[in-house]
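What follows draws every value from the coordinates through simple rules; no lab data is involved. Since this is a predicted model, take the numbers as computed values, not measurements. Note that we place each Cβ from the backbone using ideal geometry, even for glycine, and neighbour counts take in every protein chain shown.
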Amino acid sequence: MGGSSLFRKPGSRMIRDPLDTRLGDLLEKCSSRCPCIVGIPWDWSTAGRPGARHAPQRLREHLYSLNPHGLECLCDLGDTNIAPGDPGVSFRRISEASVEALRTCRGVLFLGGDHSVTRYTVPQVLRTLGGKAGLLVFDAHLDLRILSEGLSSGTYLGELVEEMKESLEVVIVGVRRHNNPGYMFERAKALGVSYMEATDLEDLSQCVEKILKKISGADWIYVSVDADSLDPSQCPGSNSPSPAGLYVREISKILEKLSEAKRFVGGDIVEHVPSLDPGEICGRSLAYIAYKILEILSRA
């Protein structure tokens, strides 16, 4: 008994403030009253800087340290049981886990992983919820690459749109022209993929209006946040950092304004590489965006 004052639970916070509730303190059994988190530790599709497989746990640590203003409950289903290096098995399990999470929770936030995971979460959201999807992507890249061989997370959007074109309206925010080959802009037009360059975001109100116009026929929104959408000063630890990017506050304000007009049902955060993140700047920036998405899902 006397030893109880000498030892603390492993990993417990240094600050001894019993009234300081953190997001991690809200975790409970998953139900339809709570948004939930699912980790997808897959990055074997990356052709850039690997390591996003380690992001789900690091993002959780940053996220669960935040104070839960506006969030009353949260659940965490854990990580999808991917098979390292095996895309066939892993993508099937990601698809099945997405359906299970959607049927259990009040909206789902997936923590990737590279951007190929979106290729397997979005179709399951569509098939489970029905209607027409608005896919809002924050990304420096168009991800409409055409490969002669191999895997790349840079092909996910082209494949997704070709499969689900009749049920999907897509807009990408934060594109940097200097990091995309010319043919991709032509392919975006051919596929009906709308995009806004990072330089177009000086007036956020106009930006939101343009996004809503581009996805006017959507019944709900799924948001995908690529770490490289953020400026490297905000997020150095990404697969493919690109200068002249977005800022956390801009993405947060866009999401908040859009949530006033459209229902959000889920999203993902991808391409964060913790080992390349000095000072954990990127992880903390993305954790705040995750926090904002979860808050919006809790109100949907």
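Taking 20 °C and 1.002 mPa s as conditions, the range 1-45 diffuses translationally at an estimated 146 µm²/s according to Stokes-Einstein applied to its Kirkwood radius (Cα pairs). Residues whose amide H comes within less than 5 Å of that of GLY266, counting only those at least five positions distant or on another chain, are VAL108, VAL223 (H built at 1.01 Å from N in the peptide plane).
Computed over the chain, the P(r) tail beyond 28 angstrom holds 34 percent of alpha carbon pairs. Residues TRP42, TRP220, ranked from the fewest to the most other C-beta atoms within 10 Å, line up as TRP220, TRP42. Take every Cα pair under 8 Å whose residues are at least 6 apart in sequence, average their separation, divide by the length of the chain, and the relative contact order is 22 percent. Given a Förster distance of 22 angstrom, what is the FRET efficiency for ALA83 paired with HIS54, based on the Cβ-Cβ distance and rounded to 0.05? Efficiency for this residue pair is about 0.85. If you take the Cα centroid of the range 12-78 and the Cα centroid of the range 171-197, the two points sit 32 Å apart. A full extension of the chain between ARG249 and ARG127 corresponds to an added length of 40.7 nm, given 0.36 nm per residue minus the alpha carbon distance. Neighbour counts of C-beta atoms inside 10 Å place LYS214, LYS257, LYS9 in the sequence LYS9, LYS257, LYS214, starting with the fewest. Taking the DSSP bridge list for the chain and keeping only pairs wholly inside it, about 5 percent are antiparallel.
Among the cysteines of the chain, those whose beta-carbon sits 4.7 Å or more from every other cysteine beta-carbon are CYS207. Whole-percent P(r), the range 1-105, all Cα pairs, 10 Å bins from 0: 13, 33, 30, 18, 6, 1. The Cβ shell under 15 Å around ARG106 holds other residues with a net charge of 0, Lys and Arg each +1, Asp and Glu each -1. ³J(HN,Hα) across the range 251-262 via Karplus (A = 6.51, B = -1.76, C = 1.60, θ = phi - 60°), whole Hz, x for Gly/Pro? Coupling constants for the range 251-262: 4, 4, 5, 4, 4, 5, 5, 5, 5, 6, 10, 9 Hz. Neighbours of LYS132, meaning other residues whose beta-carbon lies under 14 angstrom from its beta-carbon, give a summed charge of +2 when Lys and Arg score +1 and Asp and Glu score -1. One quarter of the surface of the convex hull around the alpha-carbon atoms of the range 156-218 equals 4.5 nm², the direction-averaged projected area.
Neighbour counts of C-beta atoms inside 10 Å place MET196, MET184 in the sequence MET196, MET184, starting with the fewest.
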